[in-house]
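Below: one structure, written as structure tokens.
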Amino acid sequence: MNKNIRSLYEIAQKETRKIIGLMSGTSLDGLDIALCAVSGAGENTVVKILEFETIDYSEEIKTEIRKVFAQKTIDFQHLALLNEWIGILHADLVNNCLEKWNIPVHEVDLIASHGQTVLHAPKFLHQQEKFPNATLQIGDGDHIAVKTGIITLSDFRQKHVAAGGEGAPLAVYGDYLLFSKKGENRIMLNMGGIANFTYLPASQNAEEVFVTDTGTANTLIDIFTKNYFPEKSYDKDAEIAQTGTVNQTLLTELKSNAFFTKSFPKTIGQELFNKGFVENALAKTNLQNISAPDLLATLTRLSAETISEAIQFAAKNTSYELENFKVYMSGGGANNPLLVKWLKELLPCEFYKSDDLGILSDVKEAVLFALLANETVAGGDFNFGTKKGIPSVTMGKISFPD
């Protein structure tokens, strides 16, 4: 037996596996690195976060990624070079963290790397009949494995697409494994660049689970905060938006996009929700001279209304009233007081943060990929039925260090 296969077999037999989850989102803020101790698998999964750190991306890194991010026309050589470069970068950051945490490489069983998304193209968006749903994450797993000496699982979203999904949202798998609770209807709401949520039924029946993207969360707010105030990367504590007034004419135009009436479940990214999306709406409504506070207030309201409307839709397809749902928030949007205030006004639910369930909101997505790797190596028995958007598959390509 090949020594790498033997090593993987031995890891699968362990009672507890140490897995590093890596997550870099579409906001391009940086890399989340979570060292997790994962025991069991499936509905018996138990996870303990041993270490966590977010490494901010430098402006140089962000600039290089933006050259290809959500672009239809790119320098193809640059994309190929980035794939290797990001893999090496992520490996170096992992090595630095292990040294800082004083943890020997041989004590880590697996790395689970999401990679850096550079394009998300569901079929409804690209509208080319002969081509399927597509998504692309870069940061080659072989480079991570070789540079760290740790077996690495990467490129998780491709199996999801191959099995009939759109490559997202993947949070549903971790949400179900960790957060389902008998007798409690839960909405696990993640508000990163894009908002998505998982409905976890009180029955704990996997076939009743529902997941979807809802549209923009922070993406448009961040883009226009930086546009008006180059020294700011986001509207911290909604300080700017809270001084503005929602422009209903602009809000109506933004919500008229066909994405918001498309049937659920659905996925999306900055390929749609970008600077041009808002500029086109401003031109149509002759509001190009709108003030920064008013625009940011309107974009924040857009996120609040489209998130709440999607949750209301999900609730209508259950036998429960919305009052019986508990919403657990994560992602940067959970720290936006204006967005959270409006969500509470629009939804008659109890609101919490995922922190209240023992997983800090900032670390949740990195932990998710550690769990997906654990399922691929040691689990994979859960069944979500034939529901669209949640194929019952294990995910991740395996790269050996030698």
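The values are calculated or read from the model by the stated rules, or taken from the named source; none is laboratory data. Because the structure is a prediction, the values reported are computed rather than measured. All Cβ positions, glycine included, derive from the backbone under ideal geometry; neighbour counts span all protein chains shown. These area figures cover heavy atoms from the full protein model, side chains too; ligands, DNA and RNA do not enter into them. Shrake-Rupley method; radii C 1.70, N 1.55, O 1.52, S 1.80 Å.
Counted residue by residue at 0.36 nm each, then reduced by the alpha carbon distance between them, the extension gain from Leu346 to Gln71 reaches 95.5 nm. For segment 22-110, a Kirkwood hydrodynamic radius built from all Cα pairs, placed in the Stokes-Einstein relation at 20 °C and 1.002 mPa s, yields a translational diffusion coefficient of 142 µm²/s. Over every Cα atom in segment 96-205, the radius of gyration and the widest Cα-Cα span, Dmax, amount to 17.5, 52 Å.
Dipole orientation for segment 132-231: of the candidates Leu189, His160, Phe224, Leu189 has the Cα lying most toward the positive pole (charges on Cβ; Lys, Arg +1; Asp, Glu -1).
Per residue and in cubic angstrom, what volume does the convex hull of the Cα atoms of segment 40-177 have?
So the per-residue hull volume is 136 Å³.
The orientation-averaged projection of the convex hull spanning the C-alpha atoms of segment 123-174 amounts to 4.7 square nanometres. Here segment 278-402 exposes an accessible surface that is 46 percent carbon and sulfur, computed with a 1.4 Å probe and the other protein chains kept in place.
Between Val46 and Phe229, the simple spin-label model (points 7 angstrom out along Cα→Cβ) gives 4.6 nm.
Over all directions, how big on average is the projection of the convex hull of the alpha-carbon atoms in segment 317-402, in square nanometres?
8.4 nm²
By the helix-only formula, in which each DSSP H run with n ≥ 4 contributes -39500 (n - 2.57) and the sum is divided by residues, the chain has a 222 nm mean residue ellipticity of -11500 deg cm²/dmol.
About its Cα centre, segment 5-77 has a charge dipole of approximately 320 debye under the convention of +1 per Lys or Arg Cβ and -1 per Asp or Glu Cβ, with nothing else charged. Reducing segment 25-79 and segment 153-224 to their Cα centroids gives an inter-centroid distance of 17 Å.
Between the residues Leu79, Val46, Phe69, the greatest Cα displacement towards the positive end of the dipole of segment 1-93, with unit charges on the Cβ of Lys, Arg, Asp and Glu, is found for Val46. Over the Cα atoms of segment 177-255, the radius of gyration divided by the Kirkwood radius equals 1.14; this is the Rg/Rh ratio.
Once you've got the Cα coordinates, tell me which of Lys123/Lys326; Lys67/Lys147; Lys14/Lys67; Lys181/Lys344; Lys72/Lys262; Lys72/Lys316 are over 31 Å apart.
Violating the 31 Å Cα-Cα cut-off are Lys123/Lys326; Lys14/Lys67; Lys72/Lys316.
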